[in-house]
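Undergrad: Encoded as structure tokens, here's the structure I'll be asking about.
The values are calculated or read from the model by the stated rules, or taken from the named source; none is laboratory data. Just so you know, these numbers come straight off a predicted model, no measurement behind them. Positions of Cβ are generated from backbone atoms using ideal geometry, with glycine treated the same way; all protein chains shown enter the neighbour counts.
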Amino acid sequence: MDLEPIGWVRSTQRVPGGRDHGWDKEITSIELDSARFDAAALLGLDGFSHLEVVFVFDRVDPALIEYGSRRPAGRPDWPEVGIFAQRYSHRPNRIGVSCCQIKAVAGITVHVGGLDAIDGTPVLDIKPWLAEHGPRGDVRQPAWSRELMADYWTGSR
């Protein structure tokens, strides 16, 4: 499997783990690799409100990757759950996925709000969000996950 970044995240957030909430306040951009892409690659993207971003947690130490289970955020009051039952960055293959709002498209750059990735993060792919690709039917999730995410985006606490 050969994957190479299509571009990189540009953000004021430069330190892994430096922010664990308030991502909606961050205006970030995704800058495409100018050696491979020109503005034509983003043509029509501004017709969408949101974007899915697939990226790599490239600064996670491979020695710290989790393969089994852990307590989310290290909280002893939350249940131990498998790595695939949470969105922790120290996961096999170190792949992250986030849905964010498109603020503007300019040249080979997409300006977005609410992307929870730090400066220099390699981006593997971007896709316009289509409502038809969202969940069908009722969405179920454990209470601990709602508590974990309560101010992740807004930083309101």
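Undergrad: Out of H50, H90, report the one residue that is under 27 Å from W129 (Cβ atoms) and in contact with a helix residue (DSSP H, G or I) (Cβ under 7 Å, 6 or more places away or on another chain).
TA: Details: H50 fails: in contact with a helix residue (DSSP H, G or I) (Cβ under 7 Å, 6 or more places away or on another chain).
Within the list H50, H90, the selection yields H90.
Undergrad: Hey, among the residues in segment 66-98 that are among the hydrophobic types (A, V, I, L, M, F, W, C) and buried (at least 16 other Cβ atoms within 10 Å of the Cβ), which one's farthest from P5 (Cα to Cα)? Lay out the reasoning, then the answer.
TA: Step one: filter segment 66-98 for residues among the hydrophobic types (A, V, I, L, M, F, W, C), giving 73, 78, 81, 83-85, 95, 97.
Narrowing further to those that are buried (at least 16 other Cβ atoms within 10 Å of the Cβ): 78, 81, 83.
Details: W78: 35, V81: 31, I83: 24 Å.
It comes out as W78.
Undergrad: Turning to a different aspect of this structure: Being surrounded by 14 or more Cβ atoms within 10 Å (Cβ to Cβ) and at pLDDT 95 or above is the filter here; which residues of segment 104-127 pass it?
TA: The answer is V105, I108, T109, V110, H111, V112, T121, P122, V123, L124, I126, K127.
Undergrad: Can you tell me which residue in segment 142-155 is modelled with the highest pLDDT, limited to those that are touching a helix residue (DSSP H, G or I) at 6+ places or on another chain (Cβ under 9 Å) and either among the polar types (S, T, N, Q) or assigned to a helix (DSSP H, G or I) (or both)?
TA: If we filter segment 142-155 for residues that are touching a helix residue (DSSP H, G or I) at 6+ places or on another chain (Cβ under 9 Å), which is where we start, we get 142, 144-145, 148, 152-155.
Filter once more, so that each one left must be either among the polar types (S, T, N, Q) or assigned to a helix (DSSP H, G or I) (or both): 144-145, 148, 154.
Working: W144: 88, S145: 85, L148: 81, T154: 70.
The extreme case among them is W144.
Undergrad: State all residues of segment 68-115 that are outside any strand (DSSP E or B), of a type outside the set (A, V, I, L, M, F, W, C) and under 17 Å from the mean Cα position of the chain (by Cα); if no residue qualifies, say none.
TA: Going through segment 68-115, the residues outside any strand (DSSP E or B) turn out to be 68, 71-80, 83-94, 107-108, 114-115.
Filter once more, keeping what is of a type outside the set (A, V, I, L, M, F, W, C): 68, 71-72, 74-77, 79-80, 86-94, 107, 114.
Within segment 68-115, Q86, R87, Y88, S89, H90, R91, P92, N93, R94, G114 meet the criteria.
Undergrad: Another one. For segment 57-76, does any single residue satisfy the condition of being without any contact (Cβ under 8 Å) to a residue 60 or more places away in the chain and closer than 21 Å to G134 by Cα?
TA: No, there is no match, as no residue in segment 57-76 is without any contact (Cβ under 8 Å) to a residue 60 or more places away in the chain and closer than 21 Å to G134 by Cα.
Undergrad: Within segment 26-54, count every residue that is over 17 Å from G96 (Cβ atoms), of a type in the set (D, E, K, R) and assigned to a loop (DSSP other than H, G, I, E, B).
TA: 3
Table: residues versus (1) touching a Leu at 6+ places or on another chain (Cβ under 8 Å); (2) modelled with pLDDT under 95.
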site	(1), (2)
R19	no, yes
L32	yes, no
G47	no, no
E52	no, no
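Undergrad: Would you check if there is a residue in segment 128-148 being buried (at least 16 other Cβ atoms within 10 Å of the Cβ) and more than 24 Å from W8 (Cβ to Cβ)?
TA: Within segment 128-148, one or more residues are buried (at least 16 other Cβ atoms within 10 Å of the Cβ) and more than 24 Å from W8 (Cβ to Cβ).
Undergrad: Filter segment 90-113 down to residues that are touching a Lys or Arg at 6+ places or on another chain (Cβ under 9 Å) and in contact (Cβ under 8 Å) with a residue 60 or more places away in the chain and give me whichever is farthest from S29 (Cα to Cα).
TA: The selected residue is G113.
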